[in-house]
1. Hey, any idea what Rg/Rh is for the range 358-419, computing Rh the Kirkwood way over Cα pairs?
2. With the calculation restricted to Cα positions, what are the radius of gyration and Dmax of the range 142-191 in angstrom?
3. With unit charges on the beta carbons (Lys and Arg positive, Asp and Glu negative) and the dipole taken about the Cα centre of the chain, which residue among 153, 231, 274 sits farthest to the positive side?
4. Under the rule of at least 5 residues apart or a separate chain, name every residue whose amide H is placed under 5 Å from the amide H of residue 443.
5. List every residue whose amide H lies under 5 Å from the amide H of residue 304, counting only residues 5 or more places away in sequence or on a different chain, with H placed 1.01 Å from N in the peptide plane.
6. Would you work out the relative contact order for the range 159-214, in percent, from Cα pairs under 8 angstrom that are 6 or more residues apart?
7. What is the extension gain from residue 478 to residue 398, computed as 0.36 nm multiplied by their sequence separation minus the C-alpha to C-alpha distance, in nm to one decimal?
8. Within the range 17-153, how many Lys pairs sit with Cα atoms under 17 Å apart, leaving out pairs fewer than 8 places apart on the same chain?
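The values are calculated or read from the model by the stated rules, or taken from the named source; none is laboratory data. No experiment lies behind these values; they were computed from the predicted model shown. Cβ placement follows ideal geometry from the backbone for every residue including glycine, while neighbour counts extend to all protein chains displayed. Note: accessible area is taken over every heavy atom of the protein model, side chains too, but ligands, DNA and RNA are not part of it. Shrake-Rupley method; radii C 1.70, N 1.55, O 1.52, S 1.80 Å.
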Amino acid sequence: MFEVATTKVHDEARQGEAYAPFDNDPNLYQRRFYIESYGCQMNFSDSEIVASILSAEGFGATRNFEEADLILLNTCSIREKAEQTVRKRLTEFRKLKKGRPSTLIGVLGCMAERLKSKFLEEEKLVDIVVGPDAYRTLPQLIAEADGGQKGVNVLLSRDETYADISPIRLNSNGITAFVSIMRGCNNMCSFCVVPFTRGRERSRNVQSILKECQDLFDAGYKEVTLLGQNVDSYYFVPDETAVDNTIPGDPAIKPGVVNFARLLELVALISPDLRVRFSTSHPKDITDEVLHTMAKYENICKYIHLPLQSGSTRMLQLMNRSYTREWYMSKVERIREILPGCGISSDIIAGFCTETEEDHRDTLDMMEFARYDMSYMFFYSERPGTLAQRRYEDDIPLEIKKRRLQEIVEVQNRLSLESNLKDLGKTFKVLIEAESKKSKEHWMGRSGENKVIVFPKGSSNYKPGDYVHVKVSECTQATLLGELV
Ligand code: SAH
Ligand code: SF4
Ligand code: F3S
């Protein structure tokens, strides 16, 4: 979790300038909003859409919730703990609202969708509840709340993609940005609440994606991450009559299907200086065509987040992941074959329903096989309404879940270190993102493989957004250290 506050308005972002003054200018905006985001990158990306909708209504942003007229929490339901964090935060806002009753408090995102108007019964201080597909109605809901009513809209949509809304970049470094390419998920993994909170899968219009990426590049951004719960099922059929021939890179998107591989290619063609990343790939859906497209373009980063969840075929079946242990292994082999040196990371769940020690060992074994550079690791948290909650008993005691998780974390820590040790002596092309948090004398950037690299600025005049070559000389488990070459 981290806090987000608007630091840029779109026009200024276009010029690549850091947004500065309106925080201190009370005359510019009549009302201010404060927004905090929890959960996945999709939620952070949605907050940028919300910021855009509010700014069109004359709302300015503030980083200080105490001076906000509207406080928004963009929430996550993925695990119980994520929801607890939001509840705790709401108690802090309760104090503020006591002193200033006109302050409106709104809950957005997945928890709003999951709990719907129940939220208003449980948390009386909340004025507005808006689900992920209803952000366009925020202005009406705010008006209702101003009038003393509660504003609720949790309708899910089959076609909303906010394609025409230019996000206002929040807390941006001006170099890297997220671009949503699709919404929702049709996969129904049995443990997962996302299909219920985000609705059916739908792909965003290819033209609007390309335009957003081009605008970012024109504004000085050097990296876009294409976002979706399952990017490999991106599928869009452009309307022939709507073809906009002005899009650089590929002047004519021919009528016909744009799948994810084609979309990647179109974004990569915007400029060789624009790096392209994507997340998340589902192991059952990532195709050879995508891997070959990655190989073809230097600016498509050689990094794949390929969530395993479990290394046991029996668990994978209960999880409804639609692949087996062997299928996953063959995917990893295929990646290594087509993209040697490609970074691979994973999501892993410990202690899913009925998991035995043998299933758990299968997960540890698979981690060794895949040699993940990094993983996000969780213990299973039962979510109301999911298939697993309805069908299976959450029968693994918490201590066992935690112990297995700890073993998974230990394996990953060793694999991460081993992976970094292998990079000693190698030279990487690095995109400088910012000054190192620990030292003003160092830059921090990433390799295409998504490794964080820190190196001394030296006497060079490089700046964030520049590409440099860095030779790795030392490492920790989390970071590579090197020298400019
Ligand atoms: N769409 C992505 C994942 C989105 S959720 C994908 O399919 O890979 C991010 C991660 O949270 C999941 O990959 C899973 O590892 C974890 N997760 C989801 N539901 C969970 C639950 N009920 N308990 C614990 N972890 C969960
Ligand atoms: Fe959840 Fe599975 Fe969809 Fe990922 S693919 S969001 S884990 S249902
Ligand atoms: Fe959380 Fe919703 Fe994302 S549940 S992980 S914010 S899609």
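1. Computed over Cα atoms, the ratio is 1.05.
2. 16.4, 42
3. It is 153.
4. Result for residue 443 returns 436, 455, 457.
5. For residue 304, the qualifying residues are 343, 344, 345.
6. 41 percent
7. Answer, rounded to one decimal: 26.0 nm.
8. Eligible lysine pairs with Cα atoms under 17 Å apart amount to 11.
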